[in-house]
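Chemist: Dropping a structure here in structure tokens format, bear with me for questions.
The values are calculated or read from the model by the stated rules, or taken from the named source; none is laboratory data. The model shown is predicted, which means the values in this text are computed figures rather than measured ones. Quick reminder, even Gly has a Cβ in these numbers, built from the backbone with ideal geometry, and neighbours come from all protein chains shown.
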Amino acid sequence: MSSTTTARNTGDVALLTDGRRVTLRLLQAEDKAALIAAVEHADPWDLRRRFMGTPPPASMLARQLVRADGVHDLALGAFATDGRLVGVAQFDRIGDEPTAEIAIEVAHDWQHDRLGFVMLAKLAELARARGVHEFTAVYYADNFAIRKLLQRVGTVVSSGYEQGAGYATIDLDAIA
Ligand SMILES: CC(C)(COP(=O)(O)OP(=O)(O)OC[C@H]1O[C@@H](n2cnc3c(N)ncnc32)[C@H](O)[C@@H]1OP(=O)(O)O)[C@@H](O)C(=O)NCCC(=O)NCCS
């Protein structure tokens, strides 16, 4: 891992490969405005890849954020030093199931510097602490970035394609 993380009360500070720093912390109701701004300024194609189609209105995503209980559904945010929300990684699961579905988006001008990896690795750590042992993901079949990212974060135990969509299950317990 070429990035470093340091635990702090206010979150974990991560140093990316290009020298930029972000703070990783759980998203809370107070982050609604930052989330709405991030969605409204997001690259349209990134949004389509994230939601596999037309994204829901930003206000709906903000309402979901408020409802997240941090155990069954949890959203992790990455904040730039100017306070901008530049990445969101989240999981949700049914009840206390050990398998959770994930989704992630990194702002276009913050991609390729390991932020996706840092966020998903942190999400996996938080998930394991809450009894989650597997992540599942569904994505466009040509989404090489998320496929690579999943392989980096855990051990792929199954994957495949169906009608243009790719899917994978990764084992989090095999993380070194
Ligand atoms: C998927 C996504 C989160 C990756 O974020 P990122 O910050 O660029 O990821 P990283 O920099 O940590 O790169 C992770 C790996 O993916 C690779 N990668 C990143 N972008 C890539 C691309 N466009 N094509 C191929 N590989 C890519 C990197 O080289 C890296 O591999 P490596 O570890 O072998 O070097 C980002 O591309 C994104 O937000 N996409 C839009 C939303 C989306 O597709 N979400 C997934 C569906 S839920």
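Chemist: Could you list, in sequence order, all residues of the stretch 9-38 that are over 18 Å from the mean Cα position of the chain (by Cα), modelled with pLDDT under 90 and either closer than 16 Å to ALA80 by Cβ or surrounded by 13 or more Cβ atoms within 10 Å (Cβ to Cβ) (or both)?
Modeler: THR10
Chemist: Turning to a different aspect of this structure: Among LEU150, LEU76, LEU85, which is the only one that is more than 26 Å from ALA34 (Cα to Cα), among the hydrophobic types (A, V, I, L, M, F, W, C) and touching a residue at least 12 places away in the same chain (Cβ under 8 Å)? Before the answer, list the steps.
Modeler: Numbers: LEU76 fails: more than 26 Å from ALA34 (Cα to Cα); LEU85 fails: more than 26 Å from ALA34 (Cα to Cα).
Testing whether each residue is more than 26 Å from ALA34 (Cα to Cα), among the hydrophobic types (A, V, I, L, M, F, W, C) and touching a residue at least 12 places away in the same chain (Cβ under 8 Å) leaves just LEU150.
Chemist: While we're looking at this one, here's another question. Within the stretch 130-157, restricting attention to residues that are among the hydrophobic types (A, V, I, L, M, F, W, C) and surrounded by 17 or more Cβ atoms within 10 Å (Cβ to Cβ), which residue is farthest from ASP46 (Cα to Cα)?
Modeler: The residue in question is VAL132.
Chemist: Still on this structure, I have one more. Being more than 28 Å from GLU162 (Cα to Cα) and modelled with pLDDT under 95, is that true of even one residue in the stretch 84-99?
Modeler: So far as the stretch 84-99 goes, no, none of its residues is more than 28 Å from GLU162 (Cα to Cα) and modelled with pLDDT under 95.
Chemist: Now, a different point. For the stretch 122-149, enumerate the residues that are near the ligand (Cβ under 9 Å from one of its atoms) and part of a helix (DSSP H, G or I). Even if it seems obvious, please write down each step before you answer.
Modeler: As a first pass, look at the stretch 122-149 and keep what is near the ligand (Cβ under 9 Å from one of its atoms): 137-140, 143-149.
Scanning the stretch 122-149 gives PHE144, ALA145, ILE146, ARG147, LYS148, LEU149.
Chemist: I need the full set of residues from the stretch 70-110 which are on the phi < 0 side of the Ramachandran plot, in a loop (DSSP other than H, G, I, E, B) and either of a type in the set (Asp, Glu) or loosely packed, with under 15 Cβ neighbours inside 10 Å (or both), in order please.
Modeler: Here is the first cut: in the stretch 70-110, the ones on the phi < 0 side of the Ramachandran plot are 71-82, 84-94, 96-110.
Of the ones still in play, those that are also in a loop (DSSP other than H, G, I, E, B) are 71-72, 81-82, 84, 93-94, 96-98, 107.
Residues satisfying the conditions are VAL71, THR81, ASP82, ILE94, ASP96, GLU97, PRO98.
Chemist: In the stretch 158-172, which residues are surrounded by 14 or more Cβ atoms within 10 Å (Cβ to Cβ) and touching a residue at least 40 places away in the same chain (Cβ under 8 Å)?
Modeler: Matches in the stretch 158-172: THR169, LEU172.
Chemist: Which of the residues spanning the stretch 150-166 are within 11 Å of the ligand (Cβ to nearest atom), closer than 16 Å to PHE91 by Cβ and either assigned to a strand (DSSP E or B) or at pLDDT below 95 (or both)? Steps first, answer last, please.
Modeler: As a first pass, look at the stretch 150-166 and keep what is within 11 Å of the ligand (Cβ to nearest atom): 150-153, 165-166.
From the residues that got through so far, the ones that are closer than 16 Å to PHE91 by Cβ too are 150, 153.
VAL153, the sole residue that qualifies.
Chemist: Is it the case that some residue within the stretch 39-46 is touching a strand residue (DSSP E or B) at 6+ places or on another chain (Cβ under 7 Å), more than 29 Å from ASP142 (Cβ to Cβ) and either within 14 Å of the ligand (Cβ to nearest atom) or modelled with pLDDT of 95 or more (or both)?
Modeler: Checking the stretch 39-46: not a single residue is touching a strand residue (DSSP E or B) at 6+ places or on another chain (Cβ under 7 Å), more than 29 Å from ASP142 (Cβ to Cβ) and either within 14 Å of the ligand (Cβ to nearest atom) or modelled with pLDDT of 95 or more (or both).
Chemist: If I filter the stretch 167-176 down to residues being among the small types (Gly, Ala, Ser) and farther than 20 Å from ILE94 by Cβ, which single residue comes out as nearest to the ligand (Cβ to nearest atom)?
Modeler: That would be ALA176.
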